[in-house]
Each structure stands twice: as structure tokens, then as C-alpha cells.
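Below: the structure, in C-alpha cells.
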């Protein structure tokens with residue numbers, strides 16, 4: 001029996017170069033023999049078995065085939081990672097060429113591996129801050145990549161920063177450039193070419209301290225601050241953001257800055273303010289302070305708390321009674337002085353209606369009644385005096401008069417109708433010095449003094465003018481009222497439904513005779529206001545309101561055969577009344 005040397009040959013791969021483009025690094029699968037001559041094979045590779053009579057490649061190498069299981073070979077695959085073997089049974093002694101007894105298998109050991117390494121990253125040696133899902137790191141960041149492969153062992157770790165070509169990881173990665181968007185990609189490959197999927201981690205490097213801008217809000221004069229001034233510290237950080245801002249007053253301790261620093265809290269005199277800020281990855285501007293001498297992070301100032309004094313003087317007409325009275329010709333003068341700085345302004349207001357700058361001697365407000373002048377002064381560093389006030393009374397108000405028409409009256413089509421019995425009153429008032437006199441005129445016939453009330457007897461359209469003078473001779477502007485006087489009663493009309501059948505005498509006078517079924521119709525008209533009501537009385541009875549002739553018929557008031565005296569009374573809307581009497585007979589024949 002011819003003996004053969006069994007060899008296992010896998011598809012060979014070439015290791016790619018040490019640097020890669022931004023594509024994922026690629027390694028072709030391969031086999032590997034370590035220093036101890038352990039043979040490792042990539043389980044994902046196809047496997048072929050060749051036989052040869054020589055330990056070296058020759059033209060006599062033959063690919064081994066299988067007649068019983070051809071579907072599982074050429075290529076064939078190993079089923080699991082770790083230890084595998086190819087066995088021949090029984091084993092033949094390669095010296096005697098005979099089977100060893102007791103028999104045993106001849107084995108070729110193979111370690112298989114089809115799983116890629118797993119890489120972990122470790123960020124250390126600096127502060128980490130996460131905001132809105134983004135990670136920020138400060139100075140001194142160290143990134144370690146650690147990868148393990150359980151079978152064939154690790155070949156290389158590759159990484160790329162910000163799109164650079166991939167390179168082999170050999171030592172700690174130390175990003176040193178400030179960058180808002182840093183991308184770290186990495187992966188590992190084992191000795192059989194099993195390549196880990198590229199992992200990507202995004203983060204930001206924040207290497208600079210926050211920026212502080214100081215602002216003084218309020219009035220200043222050189223390095224002198226008003227006690228109402230505030231010092232605000234506006235801190236910004238374009239990366240991880242501001243964690244805290246601190247300030248130091250004179251040689252005191254650090255204080256957390258939360259709101260503007262008020263000069264009011266300082267004693268009067270000279271002071272020094274220092275400040276610094278820390279971001280969320282511990283970059284701090286404190287080191288820039290030195291011994292509190294860096295002018296970018298400190299300021300010297302003086303607080304002045306002395307307010308001006310103010311005087312008020314009335315010039316011109318004035319009288320002190322139960323109030324201080326002035327005329328519209330009276331002026332006032334305001335002066336101020338300050339012991340430490342110049343006067344910025346004097347302000348005053350009338351009745352709290354808003355302050356105006358005082359420049360020169362001024363008149364009181366041209367407005368009736370009590371008025372209060374408030375005034376104060378401020379120096380150039382906004383030391384402000386308390387508000388003073390002086391109250392005076394300016395009397396320049398005219399009285400007010402309105403006209404009141406009594407009854408009867410009727411308003412129609414923009415015209416007020418009255419009659420000669422209507423009382424007319426003029427009601428006047430004055431809230432200041434009081435009413436001295438009221439006057440009126442009718443139809444431009446000259447003004448007369450008003451007493452209690454008056455009437456207009458004449459029919460027709462009339463114009464009443466009136467005004468009032470108060471006790472300081474303020475004369476009200478003349479007012480006017482137009483009224484129509486209607487003294488004429490309505491006209492009464494009497495009609496029957498049939499002509500009289502004859503005349504009949506009574507007491508020497510002839511009267512018409514109507515049949516019992518006659519109807520009597522009553523009506524009235526008024527030229528100005530219109531009729532209001534019609535009443536009738538038959539033969540001295542009580543007056544009855546007239547509605548229609550049917551009512552008289554239904555009540556059979558004039559159906560009886562006899563002599564009738566009917567009295568009719570009609571009134572208009574003003575109560576002007578007219579009366580009329582009619583006499584007649586009711587008879588069948």
C-alpha cells in the first residue's frame with residue numbers, strides 16, 4: 001500500500017496595508033500558525049484536502065474527493081469555533097509502515113475561529129459632561145482601546161479621528177484640538193482576518209475657559225458708581241456651557257454669582273471686584289487672575305451714596321388760608337446742590353402726571369383745583385434725593401348750568417314741545433368759589449337775572465340762552481336751548497252715520513232728529529303734537545273715553561227716543577283741552 005503525506009491547504013489571504021481610507025478596514029480571511037506551531041483556521045473559509053508524496057508542493061498533489069459524501073466536500077466547512085481535527089483510522093507507524101496495536105486514530109489538530117474581536121473604549125483623565133445627548137470632555141483626555149480575541153488572538157486595532165485615514169492603534173489617543181464635533185471610529189481584526197464592525201463614537205473637546213464680560217448698569221462718572229448701579233457678569237461658553245461664575249470682593253472669599261451685584265451693598269468708598277468662571281468640564285479662568293491683578297477679570301471702583309439737597313420757592317401771587325392759593329400768574333423756582341459731585345438734573349411733576357426736567361422759573365399747571373408739585377434732584381452718579389412736594393390751589397373754574405323743563409312736555413321729531421303752564425328751571429353749580437348769579441335771555445331780548453323758575457306764554461318756537469358767573473367772576477360760556485310752546489287745543493269733529501230725518505224745535509231752537517239706529521262718530525286733530533284722548537258725556541253723565549262709534553251703539557246710549565245733549569272733550573299730548581257740545585233728537589219718525 002502506497003503511503004501519502006496528508007496536508008491541509010486553505011485559501012490564503014494577504015494582509016492589507018497599515019493605513020486605511022475612511023472605508024471600513026478590510027482583511028481577507030486566512031489561516032495562521034502561532035509560535036507553538038498551533039494551526040488556526042478561519043471557520044468561515046472553505047476547506048479543501050490535498051494529498052502528496054512530498055512534504056513540499058509538487059505537481060503530484062491530488063485534491064482528495066469523497067465518493068460516499070460528495071455533497072459535503074470541495075469545499076467543506078468546520079462546524080464550530082475552537083478545537084477541531086481531521087482523523088485517519090487506524091494509525092500506521094511511519095517507520096514500520098504497519099498498523100500500531102492497539103489501534104488508534106491518526107489526528108491532525110485544527111483550531112478554528114469565525115468570530116471577530118470585540119473592542120472597548122475607555123475615556124479618562126478629564127471631566128465628562130453630557131448635554132442634549134452630546135458628550136463633552138476637557139483638557140487631558142486619554143482614550144484607550146482594548147480588544148480581545150478568545151481563539152486565534154488579536155492582530156491589530158485600527159482607529160480614525162475626524163475622517164482621517166485609519167491607522168494602527170499603538171498607544172493612548174490624546175485629542176489635543178478643541179472641536180465641537182469629533183468622530184472616533186475604531187475596529188479590530190484577529191489573526192484569521194475576522195474583522196470587527198466599525199464602531200463610531202461622537203463627542204466634543206472643550207479646552208478653553210468661559211468668557212466673562214462685565215457690564216455696569218446704571219449711572220457712572222469715571223470709576224465712581226451710583227449706589228443704584230449694578231455690576232453684571234455675562235458669562236458664555238460655546239462648548240460644554242457655563243457651570244458657575246464666581247466673584248471676590250476686595251480680599252474676601254469666592255462667592256457664587258447668581259444675579260447682578262448691587263453697589264448698594266458696598267460701603268461708601270473704594271473697592272475691588274474680581275471674578276472668574278468654570279465650565280462643565282472644569283475649564284476655569286481662575287488661573288488668569290494671578291494675584292487678582294488681571295484687568296480682564298477685575299475692576300476698581302468707588303461708591304458714592306450722598307444725595308443732593310433741594311429747595312422750593314413760590315414767586316408771585318400767593319395767599320395762605322385754609323389752603324395755599326395761587327393765581328395762574330404765580331411762578332415757582334427749584335434749586336439743588338450736592339457736596340460731592342455735579343447736579344445731573346432737577347425734575348418735577350404736576351399731580352404725579354410724569355416728571356419733567358426743571359430748567360427755569362415755571363408757572364403752575366393751568367388746571368383748576370388742588371395741584372401738587374413733586375420734585376427731586378439727582379447728581380451725575382445717580383444719587384437721588386427723596387421726593388418733596390408742595391400743594392397749592394388754583395381757582396379758575398367756571399360754573400356749570402343746565403336747563404330743566406317741567407310738565408307738561410312732549411318730545412317729537414327732535415323738537416321739545418311745552419305749553420304756557422310748563423315751569424322752566426335753570427340749575428347751576430360751582431365746585432370752587434360758588435355761584436354768584438345766573439342770567440337768561442328769551443329770543444335775544446336781553447339777559448335778565450334768574451330767580452326760581454319762569455314760563456313762556458307765547459305760542460311758537462323760542463330760543464333760551466343762559467349762563468352763570470361764579471364768585472371769582474369766571475363766566476360760563478353761554479348755552480342755548482330751543483323749545484316750541486303749543487297752547488292750542490285740538491279741533492273736535494262730530495259726524496252721524498245718516499242724515500237727519502227732520503228738524504224739531506226745543507226751547508225755541510231747532511235741532512236735528514236721527515233715527516234710533518244712527519251711529520255717532522267723534523274725532524279730533526291737533527296741528528303740533530297730535531290728539532291724545534277723546535271723552536264724551538251723554539245727558540250729564542260721567543265722561544267716558546271714546547274708542548269707536550260701535551261702543552256707543554252696543555251700549556245703546558243714543559237708541560232711546562228722546563232729546564240728547566252730548567259733551568265732547570279732546571286733549572293733545574301737552575294736555576291742551578277743547579270742549580264741544582252737540583244736541584239732537586232720536587225718534588223713529
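The values are calculated or read from the model by the stated rules, or taken from the named source; none is laboratory data. In this text the structure is predicted, and so the values were computed from the model without any measurement. Every residue, glycine as well, gets a Cβ built from its backbone with ideal geometry; the counts of neighbours run over all protein chains shown.
Listed here are the strands (runs of 3 or more DSSP E) enclosed by the stretch 87-165 that have at least 3 residues being modelled with pLDDT of 90 or more and under 60 Å from the mean Cα position of the chain (by Cα): 118-124, 128-131, 134-137, 142-148, 154-161.
Of the set (1) in contact (Cβ under 8 Å) with a residue 40 or more places away in the chain; (2) assigned to a strand (DSSP E or B), all apply to residue 437 but (1). The sole residue among 153, 133, 138 that is in contact (Cβ under 8 Å) with a residue 12 or more places away in the chain and on the phi > 0 side of the Ramachandran plot is 153.
A quick yes/no check of all residues on (1) over 60 Å from the mean Cα position of the chain (by Cα); (2) surrounded by fewer than 16 Cβ atoms within 10 Å (Cβ to Cβ); (3) at pLDDT 90 or above:
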| residue | (1), (2), (3) |
| --- | --- |
| 497 | yes, yes, yes |
| 501 | yes, yes, yes |
| 531 | yes, no, no |
| 534 | yes, no, yes |
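Screening the stretch 276-301 for residues that are modelled with pLDDT of 90 or more and assigned to a loop (DSSP other than H, G, I, E, B) and picking the one that is surrounded by the fewest Cβ atoms within 10 Å (Cβ to Cβ) gives 282.
Residues considered: 425, 436, 445. Of these, the only one that is in contact with a strand residue (DSSP E or B) (Cβ under 7 Å, 6 or more places away or on another chain) and exposed (fewer than 15 other Cβ atoms within 10 Å of the Cβ) is 425.
If you check 557, 574 for being outside any strand (DSSP E or B), under 30 Å from residue 416 (Cβ atoms) and touching a strand residue (DSSP E or B) at 6+ places or on another chain (Cβ under 8 Å), only one passes: 574.
Determine which member of the set 22, 29 is assigned by TED's automatic domain parsing to the domain that holds residue 93, exposed (fewer than 14 other Cβ atoms within 10 Å of the Cβ), modelled with pLDDT under 80 and assigned to a loop (DSSP other than H, G, I, E, B). Answer to the selection: 22.
Which one is nearest to residue 455 (Cα to Cα) among residues in the stretch 410-422 that are in contact with a strand residue (DSSP E or B) (Cβ under 8 Å, 6 or more places away or on another chain) and surrounded by fewer than 16 Cβ atoms within 10 Å (Cβ to Cβ)? Give the derivation first.
At the first step, the residues of the stretch 410-422 found to be in contact with a strand residue (DSSP E or B) (Cβ under 8 Å, 6 or more places away or on another chain) are 410-411, 415-420, 422.
Now drop any that are not surrounded by fewer than 16 Cβ atoms within 10 Å (Cβ to Cβ), which leaves 411, 415-416, 420.
Working: 411: 18, 415: 18, 416: 15, 420: 6 Å.
Applying the filter and picking the extreme gives 420.
Inside the stretch 510-533, residues that are within 21 Å of residue 585 (Cα to Cα) and part of a loop (DSSP other than H, G, I, E, B) make up a count of 5.
Only one residue in 243, 219 is under 32 Å from the mean Cα position of the chain (by Cα) and closer than 30 Å to residue 377 by Cα. Which one? Walk me through it before giving the result.
On the way: 243 fails: closer than 30 Å to residue 377 by Cα.
Result: 219 is the single residue among 243, 219 that is under 32 Å from the mean Cα position of the chain (by Cα) and closer than 30 Å to residue 377 by Cα.
Of the residues 181, 125, 132, the single one that is under 23 Å from residue 237 (Cα atoms), assigned by TED's automatic domain parsing to the domain that holds residue 200 and surrounded by 12 or more Cβ atoms within 10 Å (Cβ to Cβ) is 125. If the condition is being modelled with pLDDT of 95 or more and either over 60 Å from the mean Cα position of the chain (by Cα) or assigned to a strand (DSSP E or B) (or both), then the stretch 469-485 contributes 479, 480, 481, 482, 483, 484, 485. Being assigned to a strand (DSSP E or B) and in contact with a helix residue (DSSP H, G or I) (Cβ under 6 Å, 6 or more places away or on another chain) is not true of residue 536.
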